[in-house]
1. Could you check what % of the DSSP bridge pairs in the chain are antiparallel, to the nearest 5?
2. For the chain, what is the mean residue ellipticity at 222 nm derived from helices alone (per DSSP H run of n ≥ 4: -39500 (n - 2.57); sum divided by total residues; nearest 500 deg cm²/dmol)?
3. Using the Karplus curve 6.51 cos²θ - 1.76 cosθ + 1.60 with θ = phi - 60°, what ³J(HN,Hα) values do you get for each residue of segment 192-198, in whole Hz, with x for Gly and Pro?
4. Could you tell me how many degrees, from 0 to 90 and to the nearest 10, lie between the Cα long axis of helix 102-113 and the main elongation axis, the longest principal axis, of the Cα atoms of the chain?
5. Leaving out same-chain residues fewer than 8 places away, which aspartates and glutamates sit with a Cα under 14 Å from that of Lys75?
6. Over the residues of segment 18-96, compute the C-alpha Rg and express it relative to 2.2 N^0.38 Å.
7. Can you give the percent of C-alpha pairs in segment 113-223 whose distance is more than 16 Å?
8. Which far-off residues, 5 or more places away or on another chain, put their amide H under 5 Å from the one on Asn11, with H placed in the peptide plane?
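Read the figures in this text as sums done on the coordinates, not as results from a lab. Given the structure is predicted, the values throughout are model-derived calculations rather than measurements. Ideal geometry is used to build each Cβ from the backbone, glycine not excepted, and the neighbour counts take in all protein chains shown.
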Amino acid sequence: MIRNILIDLGNTIINNLGFDFKECLSYIYDNSSVKLEKKEFISLSYFIFKKKYSLRDINNCEISFSEYLKDISSKLAIVYKKSIKELEEDIYRKYVYDSVNNDAKDFLEYCFKNSLNVYLYSNSTFESDLLKITLNNFQIDKYFKNIYSSADFGYRKPSLLFFEKSKLEINKEESIFIGNDYLIDGYFAKECSLKFMWYNVKNEKDKYHLAELSFSIYKDLEEYIDENNK
C-alpha cells in the first residue's frame, strides 16, 4: 500500500528555465548603499558566491540565499534599502524563471483524488516560503501536505540529515520518493529507506540499481501505485 508521496521539485514538477544571476546582482546594487562601482560590485559579489557555494555539492550542506545576502553585505560593507527578506523575495519573483510540467500536474491531481499525502523535498538556495510562490503561480500549492527546502535546514539531498531535520513522521513501508536526478534523488531515497521512482525522461540506464521504477510519463507511475494499492 502506498499512502505517502515524497517528490522533488526542479525538473520533476517544475521545469527550471534559469536564474539571471547577473541581473540579480545588478538589482541588489541598485537597492543598496554601495561605495563600489557597479562593475566592481558585481565582480566581487560573484567571486564571493562562487567561493561560498563551491563545496555545496561535496559536503551536501546548503547555503541559503538570505545567508549569501548577509555575507556580501558584511564583506563589501553595503547597506540594503530593503530588509533581506523583502530583497530576497523581489529577486525570486523577478529573476527565477520556471514553467510547470503538465504531466506532473496531472499526477498531483491524481494523488489528490486518491487521498495520497504529497510532500515536497527540494534542493534549493531559496527557502520554502519562496518556493510556495512558484507553486501558487502554477496553482499547484493545494496538492502538498508540506513543503521542505534544503535552505530551511542547511542540508541538501542526498544527505539523510535533510530528511531527518524535516521531522516528517510517516510509515516508510507506505511511502515512495520521486525525482529526476538519478544519483542525488536515488541515493537520497536509499538513505531514507524509501523506494525510488525515477522520472527518467531520457530513458537512461539504471546502472547502480537504485530505481524501483523508471518512468518517463506519470501515467506509468499511476499504474504502479494503482497496482500496489489494490
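1. Taking every DSSP beta bridge within the chain, about 30 percent pair in antiparallel fashion.
2. Using -39500 (n - 2.57) per qualifying helix, the result is -13500 deg cm²/dmol.
3. Per residue, the Karplus-derived 3J(HN,Hα) values read 8, 6, 10, 6, 9, 9, 8 Hz.
4. Taking the Cα atoms of the chain, the angle to 102-113 is about 60 degrees.
5. Cα-Cα hits under 14 Å: Glu40, Glu67.
6. Normalised Cα radius of gyration, segment 18-96: 1.05.
7. Of all Cα-Cα pairs in segment 113-223, 62 percent lie more than 16 Å apart.
8. Here the answer is Asn16, since their amide H atoms fall under 5 Å of that of Asn11.
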